[in-house]
Amino acid sequence: MFPYTIFRKICRFSVILFLLLTVSVALVSCGPGEKDETVLRIGLMEEPRTLNIWLASDANSRKVISLIYQPLYTYDPDTLDLAPWLAESLPEYDSETESYTVRLREANWSDGTPVTADDVVYTVDLIKEFQVPRYYSQWEFVENVVAVDERTVRFYLEDPRAIFLTRTLVNYIIPRSQWEPIAEDAQKKENPLVALMNARIANPLGSGPFVLKQWREGAYIHLEKNEHFFGSGLTISGRTLGPHVDSLLFRVYGTADVAVLAMKNETIDFLWWSIQPGYIDDLEREENVEVFLSDRSALYYFGFNVRREPFSDAAFRQATHTLIDKDFIIDRVLQGYASRMDSIVPAENRFWYADDLPEYARGLSREDRIRKAHGLLLDNGYTWERPPVSRDGNVVSPSRIILPDGNPMNDFTILTPPADYDPARATIGVIIQEWLKDVGIPASSRPMSFGALLQRIKDRHDFESFVMGYGQLAMDPDYLRSFFHSDNDRPGGWNMSGYNNPEFDRLADASVSAMEPRDRQALIREMQHVVMTDVPYIPLYNPMAIEPVGTRHFSGWEQMIDGIGNLWSICMVAPVNQ
């Protein structure tokens, strides 16, 4: 009897414990406010690092910030033209004074105070005074900003800059009332910029559709609807804005496996992250899940350090490009969910893309690629004790390649992010390693943490080659100038490859002040020709945005380039019964 009594007590205790755990899990999965609010539950892969607008450089911080702070202009989802946002109309240009005048909508900050021209002036002055990274380069050429009246602001340019309309005016505006005391305190510190960027903003004051309710680090971020949002009920670009939900609940999942499981279990309504193609079939079998496939403005590429031999030799880089089979990468690694890239500018960006660029062995077999690369290298002074192509034209296993100076090439490394960060790029590094060995180039792929990888490449320039990506390129391709202009070849600069071509610099400098779109288009396309002849970067692919949503509770997602994870979607999505 005694063992049976103990057994019954253990069973009773187990049932109680199970019920308690079930209730706990239910409470955690519900999150704050769900019992009496319409809550849109959003999954993130990593926790935002900060809500300080000046420090935020990671994608997840920018996602949350984009719903709190707002720009004067954004991009129309259909045409990608400039669309007035905080501004009520397009800017008016005065060629005599080299100025643009912008009229603001009637809008309020989330505390109910008005957004004024003075806030715009203060935003620009702060960026220029502190030379805030990520923003300063887009404002440094603005000579002066004047508040004409409470809702009219005028920007005077030092000289014509094409990016003023496409890059500068889409930056966020901040409230003077919150940031002025923070900036004044920062100026008293030994390093004012560091103090400004490290200021902890507990309750960001914004003009966007949502405001921060609570950030419980390691658990969730809860945003609630901004009752003062200027866009509520307003029609912009043919879309009548909400938001139509009471709050947003962001949860961090860490791995795609866990996030996808949360989507299948209906714990979240939207995963704000592009998942790998391998999850698509599994998710599409779920009755209440829809997977959106969208074109992106992205660049995934193989890069060289052209400061070092033999990577400084354009013929060596062209031969490497010849050996890389982009279609194989897209078909086998990415399962077809990507588009081939033959330029640094995505083909989806049709106005700027140059479509008559060299394609480097497109459609050739593996053996023909090796033969072509062998010929390029041989013609430029490279030799082998045992060449990759025999005298009768057969492809054979080669010896180590010998450089034009007579020395065997040293082993070198292809740096990639780790597989748990991006399995595609880690795999591609290994594949390229094997392709290069087909002509005796001694490469080996090495994954490393993304932070350490970026430091070695961008800050220290301590590398030979790498596989990297830009997940969201601006629609204005001024990034071409940033990536390859010789002025940006410095520690921390965006010219990570160390590329230096006076002709490219001349074209890039001319593109800066080309205010007529067709003139600038011709310059941007010629810049692509120069870069794709020299190939300091080998563009590989532009992946599709693959985003799953739950269909049971919400609908109305706004699909545009880069996917449904955008400000328009968050302002448009609504409960299915609404």
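Express the relative contact order of the range 323-441 as a whole percentage, based on alpha carbon pairs under 8 Å and six or more residues apart in sequence. Working shown, then result.
Numbers: 122 pairs, mean separation 26.6, N = 119.
RCO, the range 323-441: 22 percent.
How much net charge surrounds GLU106 when only the other residues with a Cβ under 14 Å from the Cβ of GLU106 are counted, with Lys and Arg +1 and Asp and Glu -1?
Numbers: positive: ARG103, ARG105, ARG151; negative: GLU88, ASP119, ASP149, GLU150.
Charge balance near GLU106 sits at -1.
If R0 is 35 Å, what FRET efficiency do you get for ASP420 and SER555 from their C-beta distance, rounded to 0.05? Spell out each step's value before the answer.
On the way: r = 33 Å, r/R0 = 0.94.
E between ASP420 and SER555, to the nearest 0.05, is 0.60.
Between the alpha-carbon centers of the range 358-372 and the range 112-169, tell me the distance in whole angstrom.
Spelled out, the Cα-based centre of one part sits 50 Å from the other.
Dividing the convex hull volume of the alpha carbon atoms of the range 487-528 by its residue count, what do you get in Å³ per residue? Present the calculation step by step, with values, prior to reporting the outcome.
Numbers: hull volume 3.0 nm³, N = 42.
So the per-residue Cα hull volume is 72 Å³.
Work out the charge dipole of the range 70-181 with +1 on the Cβ of Lys and Arg and -1 on the Cβ of Asp and Glu about the Cα centre, then indicate which of VAL142, ALA162, GLY112 is farthest towards its positive end.
Value: GLY112.
Taking the DSSP beta bridges in the chain as the whole, what percent of them are antiparallel, to the nearest 5? Write out the running numbers ahead of the final one.
Working: 60 of 75 bridges.
The antiparallel proportion sits near 80 percent.
To the nearest 20 debye, what charge dipole does the range 70-181 have about its Cα centre, counting +1 at the Cβ of each Lys and Arg and -1 at the Cβ of each Asp and Glu?
Details: 9 positive and 21 negative charges, 65 e Å.
Rounded to the nearest 20 debye, it is 320 debye.
Okay, which of the range 546-562 sit inside 18 Å, backbone N to the point 7 Å along the Cα-Cβ direction of GLU284?
546-551
Normalised by the residues of the range 299-543, what does the relative contact order come to in percent, with Cα pairs under 8 Å and at least six apart?
Numbers: 432 pairs, mean separation 75.6, N = 245.
Taking the mean separation of contacting Cα pairs over the length of the range 299-543, I get 31 percent.
Helix by helix through the chain, keep the DSSP H runs that span 18 Å or more along the axis on Cα and average at least -0.5 on Kyte-Doolittle, and give those back in order. Present the calculation step by step, with values, prior to reporting the outcome.
Values: long enough: 2-30 (42 Å, 1.64); 117-130 (20 Å, 0.40); 366-379 (20 Å, -0.99); 423-437 (22 Å, 0.41); 517-534 (26 Å, -0.79).
Counting only whole DSSP H runs, the qualifying helices are 2-30, 117-130, 423-437.
Hey, what did the chain get for relative contact order, percent, Cα under 8 Å, at least 6 apart?
Working: 1086 pairs, mean separation 102.1, N = 578.
Value for the chain: 18 percent.
Once the Cα gyration tensor of the range 299-543 is found, what semi-axes does its equivalent ellipsoid get, as square roots of 5 times the eigenvalues, in whole Å, sorted largest first? Each step should come with its number before you reach the end.
Details: eigenvalues 166, 78, 72 Å².
Those come to 29, 20, 19 Å.
Consider the candidate values (i) 93, 36, 18; (ii) 43, 36, 21; (iii) 41, 25, 21; state which one is semi-axes √(5λ) of the Cα gyration tensor in Å computed from the structure displayed.
After the calculation, the listed value that fits is (ii).
When the gyration tensor of the range 82-121 is built from Cα positions, what are the square roots of 5 times its three eigenvalues, in whole Å, from largest to smallest? The partial results should precede the final answer.
Values: eigenvalues 110, 28, 7 Å².
Rounded to whole Å, the semi-axes are 23, 12, 6.
Contour minus end-to-end for VAL146 and GLN187, with contour as 0.36 nm per residue of separation and end-to-end as the Cα-Cα distance?
12.4 nm
Calculate the tail of P(r) for the range 442-571: the fraction of all Cα-Cα distances greater than 22 Å, expressed in %.
On the way: 4428 of 8385 pairs.
The share of Cα pairs beyond 22 Å in the range 442-571 comes to 53 percent.
Multiplying the sequence separation of PHE351 and SER237 by 0.36 nm and subtracting their Cα-Cα distance, what value in nm do you get? Walk me through the intermediate numbers first.
On the way: separation 114, 0.36 × 114 = 41.04 nm, distance 2.04 nm.
My answer for the length gained is 39.0 nm.
Can you work out the FRET efficiency for the pair LEU378 and SER486, with r the C-beta to C-beta distance and R0 = 25 Å, to the nearest 0.05? It would help to have the intermediate numbers written out before the result.
Details: r = 31 Å, r/R0 = 1.23.
Computed FRET efficiency for LEU378 and SER486: 0.25.
Where the only charges are on Cβ atoms (+1 Lys, Arg; -1 Asp, Glu), what is the dipole of the chain about its Cα centre, to the nearest 20 debye? Let's see the in-between values first.
On the way: 56 positive and 82 negative charges, 429 e Å.
Dipole about the Cα centre, nearest 20: 2060 debye.
Quick check: residue separation of GLU98 and GLN131 times 0.36 nm, minus the Cα distance between them. What number comes out in nm? Show your work: numbers first, answer last.
Details: separation 33, 0.36 × 33 = 11.88 nm, distance 2.29 nm.
Difference between extended and current length: 9.6 nm.
Per the helix-only calculation at 222 nm, which mean residue ellipticity applies to the chain, given -39500 (n - 2.57) for every DSSP H run of n ≥ 4 and division by its residues, nearest 500 deg cm²/dmol?
Values: 16 runs with 171 residues, N = 578.
Rounded to the nearest 500, it is -9000 deg cm²/dmol.
Please compare each pair in LYS264/LYS437; LYS225/LYS264; LYS437/LYS458; LYS63/LYS264; LYS128/LYS326; LYS213/LYS264 to a cut-off of 31 Å on the Cα-Cα distance and tell me which ones are over it. The partial results should precede the final answer.
Values: LYS264/LYS437 43 Å; LYS225/LYS264 27 Å; LYS437/LYS458 27 Å; LYS63/LYS264 23 Å; LYS128/LYS326 42 Å; LYS213/LYS264 27 Å.
Where the Cα-Cα span goes over 31 Å, the pairs concerned are LYS264/LYS437; LYS128/LYS326.
Values in this text are rule-based calculations from the coordinates and carry no lab data. No experiment lies behind these values; they were computed from the predicted model shown. Don't worry about glycine lacking a Cβ; one is built from the backbone with ideal geometry, like all the others, and counts go over all protein chains shown.
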